[in-house]
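Undergrad: Sharing a structure here in structure tokens format.
The values are calculated or read from the model by the stated rules, or taken from the named source; none is laboratory data. None of the values given here were measured: they were computed from a predicted structure. When we count neighbours, we look across all protein chains shown, and the Cβ atoms used for this are built from the backbone with ideal geometry, even at glycine.
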Amino acid sequence: MKLEKIEKGFVLKHNGKVLINHTIDSPAFFIGKGIETIKTYRGNFDITDEIEERIPLYVSEINNNQISFSYEKESAILLVIRFCLKNDKDIVLEIENKQEYYNRFWIRVNSDSDEKVWGCGEQMSYFNLKGRKFPLWTSEPGVGRDKSTEITFLSDKYNKAGGDYYNTNYPQPTFLSSYHYALHIDTSAYCEFNFKNGDYHELEVWEIPNSIEIYSDDTFLDLVEKLSLRFGRQLKLPEWIYNGIILGLKGGEENSFSRLENAIQHNIPVSGLWCEDWAGIRETSFGKRLFWNWEWSKKRYPNLDKKIQELRNKNIRFLAYVSPYLCEDGDLFKIAKQKGLFALNNNEEVALVDFGEFYCGVLDFTKNDTRKWFKEEILKKNLLNLGISGWMADFGEYLPTEDIFLSNGVDARLMHNAWPTLWASVNREAVQESGLEGDVIFFMRSGFTGSQQYCPLLWAGDQCVDFSRHDGLNTVICGALSSGLLGNAYHHSDIGGYTSLFGLRRTKEVFERWIDMAAFTPVMRTHEGNRPDENFQFDQDETTLKHMGRMVRIYKHLVPYLKTLVDEAFNKGYPVQRPLFLHFENDINTYDIQDQYLYGKDLLVAPVHKQGVSEWKVYLPAGTTWIDVWNNQQIQGGQYITVPAPIGKPPVFYRKGSYWTDLFKQIADIE
């Protein structure tokens, strides 16, 4: 990185290429004033902005690496930026706002038509972000997420919940460039990263940010490793995860445990039983929701303590569910209210949030007493002391921005994006303080900058139970690839999807194709969905039981290889599921591929994500020979091929000469 003074301005260069070019005629930095309107409905946000001022900044003075900006020559200083070189590859732009009046900031970063851009958290629709604009605000991702589809239209009409391509549980103001640099803005404010212009990226922030960090390195792998150090790395997965699949069941004790036993009798390797209804069920028009009072429901699971111990004796763990909210008709709400643990509204009453036919209080995790109480009384006492080995730590995206006050005094508009990281930290601390790290795991869908150091496992949120372009099976691949570049090494999804609305129902085909993919991910876990009785389940069909057992055995067979990927994640921050270009950066054909991935360095996986097909088109990266795991055929890389792809044989290839060749050769023989 090199900062150079030029006539009427300055440039910042990376490897001789101009990243930032600021002059009077072509400014890169702007500040301004805006008045936003943020309307929320059940985790979906309608956000608009009225810009009152947008000021291109004038370079008033350059003093070594410090640049002072004003409105015009000899006017008052508005902004000071210190360009702090950390080494020859990385730089931090420290920003000092001299006028509190301004609350909007823009920076333009040079680009060209050949550049590819990735990142911005967990993006579900587009891996390469170039050519599109991405608002960065944690929210529900939407149902369908495609304004041209009926399900999105109906979701918008009845629930304001259709969403769009950019909606995500996990945004992050960070992107990577195909020119081997990454840019991160240190802010929790609403942002818009606009990559639509061919000549520059325009990044908008609804505050004057603290700093802008730019990292670079010689290879994409080195850059990913550097980012993982910046944002935090995950621990290794618990050993028990590798024992098989986590079955998600929510039918009460007799139903859930008998179905688990049926799976075992069908020779399905099971590592865990996940019963999200352990605290009770609430029936809503959306489907079977949960009773958000995070304590053991003895009515629904009368013998849970004994059952958990029985499972442990079989080397199977029990997992549960929590969220950062408490329903107002539950006992824990009354206790938390009496202790003053909730965020408050203008009337100094508990700020309630509508979660869809029931209301909850927002636990104020900016308050130490709230954090301590939730850790001690819920996570430790009600879960860990019961013998629970993991849980879905759901939600975190719903913090409203109006009529809510937090104990730290920070505006909720700045805390909204930060909430998932706070939520993750509470869960991590409870496990850590109990001395159970490495044995207990929780998984989350929400995230933001810094979640990586707290959340040990991402899950892809609530996909539709189908093959749809913007909300189906293929989106979880894109989510794994985009989030993985930013230090989230482990990613998984609800096998079969989750959301079933307006006549959409999970089919046997969707479920089995999803299993095919999940066998080549770090964690396998099923979900019954929001309407279990209307959707295909794993034990409805003998052939599906047999199919699932075989694919889980393939997952287990690959555990020795998977453990080396987990070691790489722990030591270097590499994701388990990797974009093809991480290992083939000289092959530009790999830069846009978002429905294939490398499972570590040596396995290429191309999941089938369309209905009714028996063959599949796959791109094999150049520079090596690939071997089809199902028929041992050798194929030279650098070309697209079409291969047979029946259910149970997803397109999977390994590198010729791999250290793991013998292990990979045996996949085809697993029954």
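Undergrad: Identify the residue in the stretch 18-54 that is among the charged types (D, E, K, R) and in contact (Cβ under 8 Å) with a residue 40 or more places away in the chain and, among all such residues, is nearest to GLU115 (Cα to Cα). Don't jump to the end; show me each part of the working.
TA: Narrowing the stretch 18-54 to residues among the charged types (D, E, K, R): 25, 33, 36, 39, 42, 46, 49-50, 52-54.
Subsequent filtering for residues that are in contact (Cβ under 8 Å) with a residue 40 or more places away in the chain retains 33, 36, 42, 46, 49, 53-54.
On the way: LYS33: 31, GLU36: 32, ARG42: 37, ASP46: 31, ASP49: 29, GLU53: 31, ARG54: 27 Å.
Among those residues, the one meeting the criterion is ARG54.
Undergrad: Given the residues GLY487, GLY450, GLY472, which is the only one that is within 21 Å of TRP137 (Cα to Cα), in contact (Cβ under 8 Å) with a residue 60 or more places away in the chain and either out of contact with any helix residue (DSSP H, G or I) (no Cβ under 6 Å at 6 or more places or on another chain) or surrounded by fewer than 22 Cβ atoms within 10 Å (Cβ to Cβ) (or both)? It would help to see each step written out before you state the result.
TA: Working: GLY487 fails: either out of contact with any helix residue (DSSP H, G or I) (no Cβ under 6 Å at 6 or more places or on another chain) or surrounded by fewer than 22 Cβ atoms within 10 Å (Cβ to Cβ) (or both); GLY472 fails: within 21 Å of TRP137 (Cα to Cα).
Exactly one residue qualifies, and that residue is GLY450.
Undergrad: Going by what's in this entry, would PHE83 be described as on the phi < 0 side of the Ramachandran plot, in contact (Cβ under 8 Å) with a residue 40 or more places away in the chain, assigned to a strand (DSSP E or B) and in contact with a Pro (Cβ under 8 Å, 6 or more places away or on another chain)? Walk me through it before giving the result.
TA: On the way: on the phi < 0 side of the Ramachandran plot: yes; in contact (Cβ under 8 Å) with a residue 40 or more places away in the chain: yes; assigned to a strand (DSSP E or B): yes; in contact with a Pro (Cβ under 8 Å, 6 or more places away or on another chain): no.
No; evaluated as a whole, the condition is false for this residue.
Undergrad: How many residues are out of contact with any helix residue (DSSP H, G or I) (no Cβ under 8 Å at 6 or more places or on another chain) and among the acidic types (Asp, Glu) if we restrict to the stretch 288-332?
TA: So the count comes out to 4.
Undergrad: Would you pick out the residues in the stretch 334-357 that are under 16 Å from ASP369 (Cβ atoms) and hydrophobic (A, V, I, L, M, F, W, C)?
TA: If we filter the stretch 334-357 for residues that are under 16 Å from ASP369 (Cβ atoms), which is where we start, we get 335-344, 350.
Once the filter is applied, which keeps residues that are under 16 Å from ASP369 (Cβ atoms) and hydrophobic (A, V, I, L, M, F, W, C), the stretch 334-357 yields ILE335, ALA336, LEU341, PHE342, ALA343, LEU344, VAL350.
Undergrad: Here's another thing I want to ask about it. Looking at (1) surrounded by fewer than 22 Cβ atoms within 10 Å (Cβ to Cβ); (2) within 20 Å of TRP118 (Cβ to Cβ), find the lone condition where GLU509 falls short.
TA: Tallying (1) surrounded by fewer than 22 Cβ atoms within 10 Å (Cβ to Cβ); (2) within 20 Å of TRP118 (Cβ to Cβ), GLU509 fails exactly one: (2).
Undergrad: Right, something else. Answer with yes or no whether LYS147 is surrounded by fewer than 20 Cβ atoms within 10 Å (Cβ to Cβ), touching a Gly at 6+ places or on another chain (Cβ under 8 Å), at negative phi and basic (Lys, Arg).
TA: Working: surrounded by fewer than 20 Cβ atoms within 10 Å (Cβ to Cβ): yes; touching a Gly at 6+ places or on another chain (Cβ under 8 Å): yes; at negative phi: yes; basic (Lys, Arg): yes.
In short, yes.
Undergrad: Could I ask something else about it? Looking only at the stretch 443-480, filter to residues that are touching a Leu at 6+ places or on another chain (Cβ under 9 Å) and in a helix (DSSP H, G or I); which one of those is nearest to ALA393 (Cα to Cα)?
TA: Of everything passing the filter in the stretch 443-480, SER451 is nearest to ALA393 (Cα to Cα).
Undergrad: OK, next. Starting from residues that are polar (S, T, N, Q) and within 26 Å of the chain's Cα centre (by Cα), keep the ones in the stretch 261-296 and report whichever is nearest to PHE442 (Cα to Cα).
TA: Taking the stretch 261-296 and keeping what is polar (S, T, N, Q), we get 262, 265, 267, 271, 284-285, 293.
Keeping just the survivors that are within 26 Å of the chain's Cα centre (by Cα) gives 271, 293.
Working: SER271: 15, ASN293: 18 Å.
Among them, the one singled out is SER271.
Undergrad: Do we find that GLY198 is part of a loop (DSSP other than H, G, I, E, B), small (Gly, Ala, Ser) and in contact with a helix residue (DSSP H, G or I) (Cβ under 6 Å, 6 or more places away or on another chain) in this structure? First the steps, then the outcome.
TA: On the way: part of a loop (DSSP other than H, G, I, E, B): yes; small (Gly, Ala, Ser): yes; in contact with a helix residue (DSSP H, G or I) (Cβ under 6 Å, 6 or more places away or on another chain): no.
No.
Undergrad: Next question, about the same structure. Regarding the stretch 22-29, can at least one residue be identified that is in contact with a Pro (Cβ under 7 Å, 6 or more places away or on another chain), surrounded by 17 or more Cβ atoms within 10 Å (Cβ to Cβ) and at pLDDT 95 or above?
TA: Going residue by residue through the stretch 22-29, those that are in contact with a Pro (Cβ under 7 Å, 6 or more places away or on another chain) are 27.
Subset that is surrounded by 17 or more Cβ atoms within 10 Å (Cβ to Cβ): 27.
The next check asks that each one be at pLDDT 95 or above; those that pass are 27.
Yes.
Undergrad: I'm trying to understand the selection: among the residues of the stretch 215-247, which are closer than 28 Å to VAL109 by Cα, of a type in the set (Phe, Trp, Tyr) and surrounded by fewer than 23 Cβ atoms within 10 Å (Cβ to Cβ)?
TA: PHE220, PHE231
Undergrad: A further question on this structure: Just one of the numbered conditions (1) under 14 Å from SER407 (Cα atoms); (2) surrounded by 14 or more Cβ atoms within 10 Å (Cβ to Cβ); (3) among the basic types (Lys, Arg) is not true of ARG317; which one?
TA: (1)
Undergrad: In the stretch 542-564, is there at least one residue being out of contact with any helix residue (DSSP H, G or I) (no Cβ under 6 Å at 6 or more places or on another chain), charged (D, E, K, R), surrounded by 17 or more Cβ atoms within 10 Å (Cβ to Cβ) and in a loop (DSSP other than H, G, I, E, B)?
TA: no
Undergrad: Take the residues in the stretch 2-19 that are in contact with a strand residue (DSSP E or B) (Cβ under 8 Å, 6 or more places away or on another chain) and more than 15 Å from GLN66 (Cα to Cα); name whichever of them is surrounded by the fewest Cβ atoms within 10 Å (Cβ to Cβ).
TA: Just the residues of the stretch 2-19 that are in contact with a strand residue (DSSP E or B) (Cβ under 8 Å, 6 or more places away or on another chain), to begin with: 2-15, 17-19.
Now restrict to residues that are more than 15 Å from GLN66 (Cα to Cα): 7-8, 13-15, 17-19.
Values: GLU7: 7, LYS8: 12, LYS13: 15, HIS14: 19, ASN15: 13, LYS17: 12, VAL18: 13, LEU19: 22.
The extreme case among them is GLU7.
Undergrad: I'd like to check something: does the stretch 607-625 contain any residue that is on the phi < 0 side of the Ramachandran plot and under 21 Å from the mean Cα position of the chain (by Cα)?
TA: Residues of the stretch 607-625 that are on the phi < 0 side of the Ramachandran plot, as a first pass: 607-611, 613-622, 624-625.
Within this subset, residues satisfying the condition of being under 21 Å from the mean Cα position of the chain (by Cα) are 607, 609.
Yes - at least one qualifying residue is present in the stretch 607-625.
Undergrad: In the list ASP164, ASP90, ASP146, ASP114, which residue meets the criterion of being assigned by TED's automatic domain parsing to the domain that holds TYR58, of a type in the set (Asp, Glu) and in contact with a strand residue (DSSP E or B) (Cβ under 8 Å, 6 or more places away or on another chain)? Outline the logic, then answer.
TA: Working: ASP164 fails: in contact with a strand residue (DSSP E or B) (Cβ under 8 Å, 6 or more places away or on another chain); ASP146 fails: in contact with a strand residue (DSSP E or B) (Cβ under 8 Å, 6 or more places away or on another chain); ASP114 fails: in contact with a strand residue (DSSP E or B) (Cβ under 8 Å, 6 or more places away or on another chain).
Selected residue: ASP90, the only one of ASP164, ASP90, ASP146, ASP114 that is assigned by TED's automatic domain parsing to the domain that holds TYR58, of a type in the set (Asp, Glu) and in contact with a strand residue (DSSP E or B) (Cβ under 8 Å, 6 or more places away or on another chain).
Undergrad: If we keep just the residues of the stretch 325-369 that are touching a Pro at 6+ places or on another chain (Cβ under 8 Å) and assigned to a loop (DSSP other than H, G, I, E, B), which is surrounded by the most Cβ atoms within 10 Å (Cβ to Cβ)? Explain how you work it out, then say what you get.
TA: Let us first name the residues in the stretch 325-369 that are touching a Pro at 6+ places or on another chain (Cβ under 8 Å), namely 351, 353, 362-363, 365.
Imposing the further condition that a residue be assigned to a loop (DSSP other than H, G, I, E, B) reduces the set to 351, 365.
Details: ALA351: 23, PHE365: 25.
Among residues in the stretch 325-369 that are touching a Pro at 6+ places or on another chain (Cβ under 8 Å) and assigned to a loop (DSSP other than H, G, I, E, B), the one surrounded by the most Cβ atoms within 10 Å (Cβ to Cβ) is PHE365.
Undergrad: Do we find that ASN303 is within 30 Å of the chain's Cα centre (by Cα) and more than 26 Å from ARG445 (Cα to Cα) in this structure?
TA: Details: within 30 Å of the chain's Cα centre (by Cα): no; more than 26 Å from ARG445 (Cα to Cα): yes.
For ASN303, the condition - within 30 Å of the chain's Cα centre (by Cα) and more than 26 Å from ARG445 (Cα to Cα) - is not met.
Undergrad: Another question, then. Which of the residues spanning the stretch 297-324 are among the hydrophobic types (A, V, I, L, M, F, W, C) and either free of Cβ contacts under 8 Å to residues at least 40 places away in the same chain or assigned to a helix (DSSP H, G or I) (or both)? Step through it out loud before you land on a result.
TA: Within the stretch 297-324, the first condition is being among the hydrophobic types (A, V, I, L, M, F, W, C), and the residues that meet it are 304, 308, 311, 316, 318-320, 322.
LEU304, ILE308, LEU311 - these are the residues of the stretch 297-324 that are among the hydrophobic types (A, V, I, L, M, F, W, C) and either free of Cβ contacts under 8 Å to residues at least 40 places away in the same chain or assigned to a helix (DSSP H, G or I) (or both).
Undergrad: Sticking with this structure for a sec: Regarding LYS288, is this residue of a type outside the set (Gly, Ala, Ser), touching a residue at least 24 places away in the same chain (Cβ under 8 Å), assigned to a strand (DSSP E or B) and over 22 Å from HIS491 (Cβ atoms)? Break it down into steps so the answer makes sense when it comes.
TA: Numbers: of a type outside the set (Gly, Ala, Ser): yes; touching a residue at least 24 places away in the same chain (Cβ under 8 Å): yes; assigned to a strand (DSSP E or B): yes; over 22 Å from HIS491 (Cβ atoms): yes.
Taking the combined requirement at face value, the residue satisfies it.
Undergrad: May I pose another question? Across the stretch 406-442, which residue is nearest to ARG371 (Cα to Cα) among those that are surrounded by fewer than 16 Cβ atoms within 10 Å (Cβ to Cβ) and of a type in the set (Asp, Glu)?
TA: Among those that are surrounded by fewer than 16 Cβ atoms within 10 Å (Cβ to Cβ) and of a type in the set (Asp, Glu), it is GLU433.
Undergrad: Restricting to the stretch 201-236, count the residues that are in a loop (DSSP other than H, G, I, E, B) and closer than 20 Å to ILE51 by Cα. Break it down stepwise before answering.
TA: To start, the set of residues in the stretch 201-236 that are in a loop (DSSP other than H, G, I, E, B) comprises 206-210, 217-219, 232-236.
Filter again for closer than 20 Å to ILE51 by Cα, leaving 206-209.
Summing the residues that are in a loop (DSSP other than H, G, I, E, B) and closer than 20 Å to ILE51 by Cα in the stretch 201-236 gives 4.
Undergrad: For the stretch 584-600, name all the residues that are part of a loop (DSSP other than H, G, I, E, B) and within 22 Å of the chain's Cα centre (by Cα). I'd like the intermediate steps shown before the answer.
TA: First pass over the stretch 584-600, keeping only residues part of a loop (DSSP other than H, G, I, E, B): 584-587, 591-596, 600.
Matches in the stretch 584-600: TYR591, ASP592, ILE593, GLN594, ASP595, GLN596, GLY600.
Undergrad: Which residue, of LEU183, LEU176, LEU203, is crowded, with 19+ Cβ neighbours inside 10 Å, aliphatic (A, V, I, L, M) and over 21 Å from ILE81 (Cβ atoms)? Give the steps one after another, and end with the answer.
TA: Values: LEU183 fails: over 21 Å from ILE81 (Cβ atoms); LEU203 fails: over 21 Å from ILE81 (Cβ atoms).
Unique residue meeting the criteria: LEU176.
Undergrad: Would you check if PRO575 is in a loop (DSSP other than H, G, I, E, B) and closer than 30 Å to LEU227 by Cβ?
TA: Working: in a loop (DSSP other than H, G, I, E, B): yes; closer than 30 Å to LEU227 by Cβ: yes.
Judged against the criteria, PRO575 is a match.
Undergrad: If you take the residues of the stretch 460-469 that are in contact with an Asp or Glu (Cβ under 7 Å, 6 or more places away or on another chain) and surrounded by 24 or more Cβ atoms within 10 Å (Cβ to Cβ), which of them is nearest to PRO238 (Cα to Cα)?
TA: GLN463
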